[in-house]
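The values are calculated or read from the model by the stated rules, or taken from the named source; none is laboratory data. What you see is a predicted model; the values in this text were computed from it and never measured. Heads up, the Cβs are rebuilt from the backbone with ideal geometry, glycines too, and the neighbour counts pull from every protein chain shown. Accessible surface is based on the protein model in full, side chains and every heavy atom, while ligands, DNA and RNA are left aside. Shrake-Rupley method; radii C 1.70, N 1.55, O 1.52, S 1.80 Å.
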Amino acid sequence: MPHTRTPAVAGWFTGEGDDFRLLGTCCSSCATVFFPREDAHCRNPHCDSGSLEEVPLSKRGRIWSYTDSRYRPPSPYVSNPELPWEPYALIAVELEAERMVVLGQAAPGVTVADLTVGMEAEVVPGVLHEDAETAWTTWHWRPTGVRA
């Protein structure tokens, strides 16, 4: 039976497969782009505008930093304490056009041994957690050229 796919955080990403994109907001006054999105006011301290529009962010960027997670993170991270902890890689990617850094998990199978600073990476759809009915979706970073 297929799972219902539900975003772990509504409004932060959209699409599937090659059309998957992170969503940010852009201030129409100063052109500052935000992620996570901002819907109330411009966070630029030099701008007092409240006119923001949703924008898709770059799909690719360069790895700015990375590390691996060797411990089970606290709530609200969802994991089954009955199962052994499986470490995963975290990647900070500087987006190509926006020049902002976005943190996310590496795609399944990608380890720190596969990564180098400056390597190109792309955002791909991922699953944060699954239960019997729902797959809670998120984004992952996958270095281009690495198919894990």
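Listed values, structure above:
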{"quantity": "Sparsely packed trypsin sites (Lys or Arg not before Pro) within the range 58-127, loop by DSSP, other Cβ within 10 Å at most 10", "calculated": "R70, R99"}
{"quantity": "Surface share of carbon and sulfur [accessible, 1.4 angstrom probe, percent] for the chain", "calculated": "52"}
{"quantity": "Exposed chymotrypsin sites (Phe, Trp or Tyr not before Pro) absent - longest run of the chain, DSSP non-H/G/I/E/B, at most 10 other C-beta within 10 Å", "calculated": "78-148"}
{"quantity": "Interchain or long-range residues, amide H under 5 Å from G126's placed H", "calculated": "T138, W139, H140"}
{"quantity": "Accessible surface, the range 39-136, averaged per residue in Å² (probe 1.4 Å)", "calculated": "62"}
{"quantity": "The range 1-46 - percent relative contact order, Cα under 8 Å, separation 6 or more", "calculated": "24"}
{"quantity": "Value of D in µm² per second that Stokes-Einstein yields for the range 1-143, Kirkwood Rh from Cα pairs, at 10 °C (1.306 mPa s)", "calculated": "97"}
{"quantity": "Furthest towards positive pole of dipole, S58, G11, I91, structure part the chain, Cβ charges", "calculated": "I91"}
{"quantity": "Selection of GluC sites (Glu not before Pro), the range 35-93, meeting DSSP coil and at most 16 other Cβ within 10 Å", "calculated": "E82"}
{"quantity": "Under-5 Å amide H pairs with A106, H placed in peptide plane, nonlocal only", "calculated": "A89, L90, I91, W141"}
{"quantity": "Proximal charge balance of Q105 [Cβ under 11 Å; K/R count +1, D/E count -1]", "calculated": "0"}
{"quantity": "The chain - percent relative contact order, Cα under 8 Å, separation 6 or more", "calculated": "25"}
{"quantity": "Cysteines having no other Cys beta carbon under 4.7 Å from their own, within the chain", "calculated": "C26"}
{"quantity": "Cβ-defined net charge surrounding L23, 13 Å radius [Lys, Arg +1; Asp, Glu -1]", "calculated": "-3"}
